[in-house]
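Read the structure below first, then the notes.
The values are calculated or read from the model by the stated rules, or taken from the named source; none is laboratory data. Since this is a predicted model, take the numbers as computed values, not measurements. A quick note on method: Cβ atoms are made from the backbone with ideal geometry, for glycine too, and the neighbour counts reach across all protein chains shown.
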Amino acid sequence: MKPIIFAIGDKKPVIHETAFIAPGAVVCGDVEIGENASVWYGCVLRGDENRIVVGAGSNVQDGTVVHADNPEIGGLPTLIGENALIGHKAMLHGARIDDGGFVGMGATMLDGSVVETGAMLAAGAFLSPRKTVPAGEMWAGMPARKFRDLKDGEDKMALLGAAHYVAEARQHRDALQAAFD
């Protein structure tokens, strides 16, 4: 079993050779995946309407959906910086996660929303269009609002998690290769 990766018209995924794309993931259209980034089982990155970027060392965990609307109707690309942590079953649409940003499991980010470096969007939170989670803060709820300031070290959780997922992706790649050889 392999991931499904394909072009849509002239929009073709560009995936770094060290990136891990798990079986069952779908990556199509204008999608760029950086060095040591990972896209896990059951994810959909659909760059048919607009650009999607997953930066080096970042991970998009199982069941996450990433999309964006056409720029001709005001759609924004979905941009994930380096060493960002995107939890299981997140929904990202025309959003931006800066380097080292943290998006919790089941969280939703809509058009123009931002999670800054060293910021955290809590699990299950709904970040409305054009809202920004500033560095050093955790936002939670529906709609998401400031929940609290991050404690010492919490602003580095995405970096630690991203490093863990780089190592875990290597383990999965090796195990899958052994299973299908």
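What to note about this one:
- Verdict on Asn36 being farther than 21 Å from Gly74 by Cα, at pLDDT 95 or above and touching a Gly at 6+ places or on another chain (Cβ under 6 Å): yes
- Subset of segment 119-135 (residues that are assigned to a loop (DSSP other than H, G, I, E, B), closer than 18 Å to Gly153 by Cβ and in contact with a strand residue (DSSP E or B) (Cβ under 6 Å, 6 or more places away or on another chain)): Ala119, Ala122
- Tally of residues being crowded, with 20+ Cβ neighbours inside 10 Å and small (Gly, Ala, Ser) across segment 105-139: 6
- Single condition Arg148 does not satisfy, out of (1) loosely packed, with under 13 Cβ neighbours inside 10 Å; (2) over 21 Å from the mean Cα position of the chain (by Cα); (3) part of a helix (DSSP H, G or I); (4) not hydroxyl-bearing (Ser, Thr, Tyr): (3)
- Of the strands (runs of 3 or more DSSP E) lying entirely inside segment 1-118, the ones with 2 or more residues being among the basic types (Lys, Arg) are found at 44-54.
For every residue, the table says whether it meets (1) farther than 22 Å from Gly124 by Cβ; (2) not small (Gly, Ala, Ser).
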site: Ile5; (1), (2): yes, yes
site: Glu32; (1), (2): yes, yes
site: Trp40; (1), (2): no, yes
site: Gly55; (1), (2): yes, no
site: Leu85; (1), (2): no, yes
site: His88; (1), (2): no, yes
site: Met91; (1), (2): no, yes
site: Gly106; (1), (2): no, no
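- Yes/no for Ala22 being under 11 Å from the mean Cα position of the chain (by Cα), surrounded by 20 or more Cβ atoms within 10 Å (Cβ to Cβ) and not β-branched (Val, Ile, Thr): no
- Selection within segment 90-132 - in contact (Cβ under 8 Å) with a residue 40 or more places away in the chain and either closer than 14 Å to Thr78 by Cβ or of a type in the set (A, V, I, L, M) (or both): Gly94, Gly101, Met105, Asp111
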